[in-house]
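Each reported figure results from applying straightforward, stated rules to the coordinates on display, with no laboratory input. In this text the structure is predicted, and so the values were computed from the model without any measurement. So basically every Cβ, Gly included, is an ideal-geometry build from the backbone, and we count neighbours across all protein chains shown.
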Amino acid sequence: MVIKNVDSFAERKRKMDKRLYFISADIEGVTDVTSWSETEKGQDGYEAACLQMTKEVAAACEAILEAGHEAVVRDGHGTARNLIHDMLPQGVRLMRGWACHPASMMAGIDEKYAGALYIGYHSPAGSDESPLAHTTKYENVASLEINGRLASEFTLNSLYAAQQGVPSIFISGDAGICRRAKEEIPDIVTVPVKECRGNSTFNIHPRDAVIRIKEGVAEALAAPAALLELPDTFEMRVRLKKHQLARAALGHPGVRRISEDTVACTVHSPAELSFMFGFIIG
Ligand SMILES: [Zn+2]
């Protein structure tokens, strides 16, 4: 009985230390994914891409569970129904479908999470660092700048996480987005799984990606997490691929015209940033 009491104490201690992590998953930054068809349900190569996306997310989940913590995964691509839940470790909860919330790929994150992780992320629209470079709507967005700097989906999402009090601790994806993430958050652990040039990708082996992601997440969990300091003002500039969208955005009193295809607005929080970006891009 004494032994049992000691075990119970150890278990209680372990539970007190148990932390909850939020994983936001995309597909364009997954190893080997190179063409749009591979990212779209029902098209050539899609099933294989989903399988590798699932394995890379599972690797992150395994590292979290093995460290004694819990993981919630938000499927953040396309239909938001790409991941194969049964292939993730038991106990992991999966958010599928869209929550009709401006936070989009981060919808559901709040202050109870100890950290945010990003798997399968990709370079932004306006960069030449991936054949699949885009920022949310490929057909509408030419580039997004925040405070004078080219911004990505990761930029928007990590700012939103920081507003919820959640530090961003890990990212895997193409080399371009990993480099940009490191510039924005120097403490973040990155695992680039491919280099890209033009319409080509140069990928590490799918099983190597899984191993490196698991190791990288374990490293990120063990390090102290620093919360991103948010500025008071965000100056957002959006260049659109359709001049009609720029004209339509001017219907909002906070949106200013910069040129025929570019608009700007000034906001004061990441949540407003996500909301206004969603409004402008149609
Ligand atoms: Zn995507």
Rounded to the nearest 10, the angle in degrees between the Cα long axis of helix 2-17 and the longest principal axis of the Cα atoms of the chain comes to 10 degrees
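With charges set only on the Cβ (+1 for Lys and Arg, -1 for Asp and Glu), what does the dipole of the chain come to about its Cα centre, in debye to the nearest 20?
Working: 31 positive and 37 negative charges, 105 e Å.
Magnitude of the dipole: close to 500 debye.
Taking 10 °C and 1.306 mPa s as the conditions, I'd like the Stokes-Einstein D for the stretch 18-230 in µm²/s, using the Kirkwood hydrodynamic radius from alpha carbon pairs. Spell out each step's value before the answer.
On the way: Rh = 16.7 Å.
Result for D is 95 µm²/s.
How do the peptides 25-31, 154-160 rank, highest first, by the average count of neighbouring beta carbon atoms within 10 Å per residue?
On the way: 25-31: 28.6, 154-160: 25.3.
Going by the mean number of other Cβ atoms within 10 Å, highest first, we get 25-31, 154-160.
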Once amide hydrogens are built 1.01 Å from N within the peptide plane, the residues lying 5 or more places from R74 or on another chain with amide H under 5 Å from its amide H are I23, S24, A25, M95
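Using the Cα centre of the stretch 187-282 as the reference point, and only Cβ charges (+1 on K/R, -1 on D/E), how large is the resulting charge dipole? Debye, rounded to the nearest 20.
On the way: 12 positive and 11 negative charges, 125 e Å.
Here the stretch 187-282 has a charge dipole of around 600 debye.
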Of the candidates T135, V33, L159, the farthest towards the positive dipole end of the stretch 18-230 (Lys/Arg Cβ +1, Asp/Glu Cβ -1, centred on the Cα centre) is L159
Taking Cα atoms only, helix 175-184 is inclined relative to the longest principal axis of the chain by an angle, in degrees rounded to 10, of 90 degrees
The long-range amide H neighbours of V191, using H built 1.01 Å from N in the peptide plane and a cut-off of under 5 Å, are I171, S172, G173
Using alpha carbon centers only, the stretch 44-109 is separated from the stretch 213-282 by a whole-angstrom value of 24 Å
Rounded to one decimal in Å, the inverse mean reciprocal Cα-Cα distance for the stretch 76-158, i.e. its Kirkwood radius, is 14.5 Å
Here the percent of antiparallel bridges among DSSP beta bridges lying wholly in the chain, to the nearest 5, is 45 percent
For 204-217, 227-240, ranked highest to lowest by mean beta-carbon neighbours within 10 Å, the order is 204-217, 227-240
With x for Gly and Pro, the residue-by-residue ³J(HN,Hα) of the stretch 71-77, computed from phi through the Karplus equation 6.51 cos²θ - 1.76 cosθ + 1.60 at θ = phi - 60° and given in whole Hz, is 10, 10, 10, 9, 6, x, 10
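Taking the Cβ of G198 as the centre, find all other residues whose Cβ is under 15 Å away and add up their charges (Lys, Arg: +1; Asp, Glu: -1).
Neighbour charge sum, excluding G198 itself: -2.
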Sorted on mean Cβ neighbours within 10 Å (highest first), peptides 254-262, 132-140 come out as 132-140, 254-262
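Let me have the relative contact order for the stretch 18-230, percent, based on Cα pairs under 8 Å that are six or more residues apart. Can you show the working numbers first?
Numbers: 474 pairs, mean separation 52.2, N = 213.
Once divided by the residue count of the stretch 18-230, the mean separation gives 25 percent.
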